[in-house]
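Here the structure comes first, spelled out in structure tokens, and everything after it is commentary.
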Amino acid sequence: MITNTELEHKGNLYPTALLSYEHDQGKINFITNNGVRLEITVLRDNMLRFRYATTGIFSNDFSYAIDPNQPHGFSQLKVEEEETHVLIHTEKFICKVAKDDLRLGMYELDGTVILEDELGFHWEESFHFGGNFVKMSKSSQDQENFFGLGDKPTNFNLKGKRISNWNTDQYAFGKDTAELYKTVPFYIGLHSNIAYGVFFDNTFKTHFDFCHERRNVTSFWADGGEMNYYFIYGPQMADVVTTYTDLTGKPELPPMWALGFHQCKWSYYPESKVKEITAKFRELQFPCDAIYLDIDYMEGFRCFTWNKEFFPDPKRMVAELEADGFKTVAIIDPGIKIDLNYDVFKEALENDYFCRRADGPYMRGKVWPGECYFPDFTNPEVRDWWKDLYRELIGDIGVKGVWNDMNEPAVMEVPGKTFPFDVRHDYDGNPCSHRKAHNIYGMQMARATYEGVKKYNFPKRPFIITRANYSGGQRYTSTWTGDNVATWEHLWLANVQIQRLCISGMSFAGTDIGGFAEQPSGELYTRWVQMGVFHPFCRVHSSGDHGEQEPWFFGDEVLGITKKFVELRYQLLPYLYTAFYRYIQEGIPFLKPLVYFDQNDVQTHHRSDEFIVGNHILVCPIQEPNVQGRRVYIPKGTWYNYWTKKPVVGGKEMFVEAPLETMPLFIKEGAVIPNYPIQQFVDELDFEEMTLHVYYKLGKETSEFFEDSHDGYEYRQGQFSMRSFKVTGKEDEIIVQQHKSGKYSASYTNFKIKFHGIPFRIKRVFFENEDINPEELQFDVDEQTMIVDKDFSELHIVG
Ligand code: GLC
């Protein structure tokens, strides 16, 4: 008989030689002599799934990450046996399985290596908890770089890093803090101009090592569960990211107001303070769409209650704010105060909805309200109950968005800052301990919240924001990067974290602009707003215990500059909304790191300062104090400096001036950028005309502009319009063609077209193929503008 102690010393275990395999409709099953089973599922021409069972038996196949509606299906599959390997050919790549030890290799059709196992799958038995530590190691290629993994506050390129995923409340985290609020066990490898992705769908604590321990090896492992991962072949990073996002799901379109500017603080109360803040925004004509209520709006921090002393009539207040163009967003945490006079607590107790410790008692922990119990959001019945708790807050009072926080879950004053491992969860009918459910607890809370807000806000769209999340959580909620600090280093981190989240399937993300902890200088605040207006989610938030963080707090200069940038965001809303539409339709990140934008250019592989919003705007935040400019890498192609309108040829780094009132910003040549007039909040104005900025290019470029009614679900019935603009520039001509699809027609009638960079003097104008007098289009020579019907099809300018 083997004792546990003897086994403990055995260390890693490995699959042995192949006993047999069989192929049945896209699933290829391998069994080894020592009983290891490997199931390979062909999901798409560019995606395979690998599952290993060390005892030959798989547990129930269940995942919170995978979108049940994910599109899959492949066009070609051939399985053939060679002397040493079994080969799986899809239309796009080949997977080889070694017969003597089950090691895998992925190859392009011409044989080029994409990714090969080093030790491949191995495992170690976990005597303490049962089950296995499941491990995988892969060889890395020369010059290989790594990207992805959600919100990790470290270098954008992950090469040389070791990272783990265990959702953690990290107040004032720092650079390289290993564990943060979210778990996105998905990374992208890039070498030889080939990008591929690995998604390790395992909710236990997971670990990734990118050539940190050994120079040519990457590995990933989990403290339990199955070795269950998806391999996605590019070769473009865009293919990898969009395939991953298809697999784990895309959100619905947010209401446009959610892309406006949001103001938050811990906490604005009482009502008079909230009103004072919103009134000041309007008085200063500083655009703002949402105001947040942090925990102090509640009665003793009891979720779904109001402090009636501070907020005597929330329904009236919310309505008044709404009439002034402000949506109210309220925080809801998971901890429910232990209080038998509190309905929410009583209901959950009576229905047995709270998490329990292994031996039966409830999981008790301290959060803001004091001692709390915590709903088990992994139980569908609990999620249903939670959803209906929003009836009053959303349906009756009229709050428009919900902010879920502390859902890692965070517990105060205990080691580990969270639940102990033994806490039990339903896990949708797959009962387990907290070791397995920890990383998806926050996601399931946000999911239940999403369903509630959606139900009671219908037919308007819901807005949810969460701190903790897991892969796939983007289907339900937006996110922010948690409790950052008002330092220049955190501004740098914010830039990297949002780029990382965007290529990790979670585009709807932002940071606490200005920093949550501590107090920014006016300069830091200004630089952060300048960057933040280009992030998908744009909210100022602070803990408020070190001074104020409203834009007027820092004096007139800061107010003037930040206002100008927030106005720019409001002008760009149609452009940003279009970028968002591409994200929800195709999983294309809202903003793109340079390596995503042009992976062929190796200069981009180690850059993280610059990013591209949508397809045509290059942003390079200023991340240092006291500078008048900085060096910027301009991607290949010609770009116009947004401020000077001067074109520059990219593919190189150059110094760009950026005194405090500007930030390096470039527009790609040939772009058509739609602009709304400046508004104080979304849909404030009924305007007659909007502007299209057309940037001349010698050659062709296509841009698009998506529009709908900014809220509601009619867009799903075809009530949207997608305008595609093709710009063709020649030496002495520029042609702008429009193709429109969709049934929606906005209320304005005209586009003011403003040309930039035309290298000739405009002599003749052909409108819809007719030679016309430019005056008919109110041509303004100095401004280089013309006014055309919004449904025009062709404007042809000749020099
Ligand atoms: C957490 C959140 C922060 C919030 C505070 C009070 O620290 O991350 O955003 O303001 O709790 O609710």
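Would you mind telling me the share, in percent, of accessible area of segment 686-798 contributed by carbon and sulfur at probe 1.4 angstrom?
Numbers: 2380 of 5520 Å².
Result for segment 686-798: 43 percent of the exposed heavy-atom area is carbon or sulfur.
What does the convex hull of the alpha-carbon atoms of segment 591-667 project to on average, in nm²?
Result: a mean projected hull area of 4.7 nm².
What is the percent carbon and sulfur in the accessible area of segment 591-667, measuring with a 1.4 Å probe over the protein chains and ignoring ligands? Intermediate values should be presented prior to the final figure.
Values: 1500 of 2990 Å².
With neighbouring chains kept in place, the figure for segment 591-667 is 50 percent.
Hey, with R₀ at 35 Å, roughly what FRET efficiency would Ile772 and Lys564 work out to, going by the Cβ-Cβ distance, to 0.05? Spell out each step's value before the answer.
Values: r = 37 Å, r/R0 = 1.04.
After rounding, the FRET efficiency stands at 0.45.
Using a 10 angstrom Cβ neighbour count of at most 11 plus a DSSP loop assignment to flag exposed chymotrypsin sites (Phe, Trp or Tyr not before Pro), which longest range of the chain is free of such sites? Each step should come with its number before you reach the end.
Values: sites that count: Phe62, Phe127.
Longest site-free region, per DSSP loop and neighbour criteria: 128-799.
So if I take the alpha carbon set of segment 204-303, get Rg, then get Rh from the Kirkwood formula, what is the Rg over Rh ratio?
Numbers: Rg = 23.0 Å, Rh = 19.0 Å.
Rounded to two decimals, Rg/Rh equals 1.21.
Compute the semi-axes of the equivalent ellipsoid of the chain, taking the square root of 5 times each eigenvalue of the Cα gyration tensor, and list them largest first in whole Å.
44, 36, 23
Placing +1 at every Lys and Arg Cβ and -1 at every Asp and Glu Cβ, with all other atoms neutral, what dipole size does segment 4-234 have around its Cα centre, in debye to the nearest 20?
On the way: 22 positive and 33 negative charges, 111 e Å.
The dipole magnitude comes to about 540 debye.
How long are the semi-axes of the equivalent ellipsoid of segment 686-798, defined as square roots of 5 times the Cα gyration tensor eigenvalues? Whole Å, largest first. Provide the component values of the computation, followed by the final result.
Working: eigenvalues 147, 45, 27 Å².
In descending order the semi-axes read 27, 15, 12 Å.
Please give the Cα centre distance for segment 91-136 versus segment 152-206, rounded to the nearest Å.
Rounded to whole Å, the Cα centres lie 20 Å apart.
Determine, at each q value in 0.12, 0.14, 0.15, 0.16 (inverse angstroms), the log₁₀ of I(q)/I(0) that the Debye formula gives when each Cα of segment 4-234 is one equal point scatterer.
The Cα Debye sum returns log10 ratios of -0.67, -0.93, -1.07, -1.22.
Quick one: which residues, 5 or more positions from Asn228 or on another chain, have an amide H under 5 Å from its amide H? H modelled 1.01 Å from N in the peptide plane, none for Pro or chain starts.
Asp201
Under the rule of at least 5 residues apart or a separate chain, name every residue whose amide H is placed under 5 Å from the amide H of Trp643.
Hits under the 5 Å cutoff: Leu665.
Convert each backbone phi in segment 730-745 into a coupling constant with the Karplus relation 6.51 cos²θ - 1.76 cosθ + 1.60 (shift: θ = phi - 60°), then list the ³J(HN,Hα) values in order as whole Hz, x for Gly and Pro.
10, 3, 10, 8, 9, 10, 10, 10, 10, 10, 10, 10, x, 9, 7, 10
Lys636 to Ser192: FRET efficiency via 1/(1 + (r/R0)^6), r the Cβ-Cβ distance, R0 22 Å, to the nearest 0.05? Display every interim value, and only then the final one.
Numbers: r = 19 Å, r/R0 = 0.88.
Approximately 0.70, to the nearest 0.05.
Based solely on C-alpha atoms, express the radius of gyration and the Dmax of segment 18-151 in angstrom.
Reported Rg and Dmax, both Å: 15.7, 47.
Quick one: which residues, 5+ away or cross-chain, put their amide H under 5 Å from the amide H of Ser542? H built at 1.01 Å from N.
Lys265, Trp266
Roughly how many percent of the accessible protein surface of segment 4-234 is carbon and sulfur, given a 1.4 Å probe and a whole-percent answer?
Values: 4030 of 9060 Å².
Heavy-atom surface of segment 4-234 belonging to carbon and sulfur, 1.4 Å probe: 44 percent.
If contacts are Cα pairs under 8 angstrom and at least 6 residues apart, what is the relative contact order of the chain in percent? Mind dumping the intermediate values first?
Numbers: 1988 pairs, mean separation 74.6, N = 799.
The value is 9 percent.
Once each part is reduced to its C-alpha centroid, what is the distance from segment 368-427 to segment 225-279 in angstrom?
If we compute the Cα centre of each part, the gap is 19 Å.
May I ask you to give the solvent-accessible area per residue for segment 591-667, in square angstrom, as obtained with a 1.4 angstrom probe?
Numbers: 2990 Å² over 77 residues.
For segment 591-667, the solvent-accessible area averages 39 Å² per residue.
Given a 1.4 angstrom probe, what's the average accessible area per residue across segment 1-130, in square angstrom? Please list the in-between numbers first.
Numbers: 6750 Å² over 130 residues.
On a per-residue basis, 52 Å².
For segment 171-182, just list the computed ³J(HN,Hα) in residue order, Karplus coefficients 6.51, -1.76 and 1.60, θ = phi - 60°, integers in Hz, with x standing in for Gly and Pro.
4, 6, 4, x, 4, 6, 4, 5, 10, 10, 6, 10
Rounded to a whole number, what is D in µm²/s for segment 610-762 from Stokes-Einstein with the Kirkwood radius over alpha-carbon pairs (37 °C, 0.692 mPa s)? Provide the component values of the computation, followed by the final result.
Numbers: Rh = 17.3 Å.
After rounding, the answer is 190 µm²/s.
May I ask for the distance between the Cα centers of segment 528-559 and segment 570-639, given as a whole number of Å?
Comparing the Cα centres of segment 528-559 and segment 570-639, I get a distance of 22 Å.
Taking the Cα centre of the chain as origin, work out the dipole magnitude from +1 charges on Lys and Arg Cβ and -1 charges on Asp and Glu Cβ, in debye rounded to 20.
Values: 84 positive and 115 negative charges, 126 e Å.
Charge dipole of the chain: 600 debye, to the nearest 20.
Does a label point 7 Å from the Cα of Glu283, set along Cα-to-beta-carbon, have any residues of segment 543-567 with amide nitrogen under 14 Å, and which are they?
Output list for this probe position: 551-553.
What's the FRET efficiency of Glu392 with Asn60 using the Cβ-Cβ distance as r and R₀ = 30 Å, to the nearest 0.05?
Computed FRET efficiency for Glu392 and Asn60 comes out at 0.20.
So what J values fall out for segment 465-476 if you push phi through Karplus, 6.51 cos²θ - 1.76 cosθ + 1.60 with θ = phi - 60°, rounded to Hz, Gly and Pro as x?
Result, ordered by residue: 10, 10, 8, 8, 6, 9, 2, x, x, 4, 5, 10 Hz.
Accessible area per residue, 1.4 Å probe, Å², for segment 730-780: what's the number?
60 Å²
The values are calculated or read from the model by the stated rules, or taken from the named source; none is laboratory data. Quantities reported herein were computed from a predicted structural model and do not represent experimental measurements. So basically every Cβ, Gly included, is an ideal-geometry build from the backbone, and we count neighbours across all protein chains shown. Just so you know, the surface numbers come from the protein's heavy atoms only, side chains and all, with ligands and any DNA or RNA stripped out. Shrake-Rupley method; radii C 1.70, N 1.55, O 1.52, S 1.80 Å.
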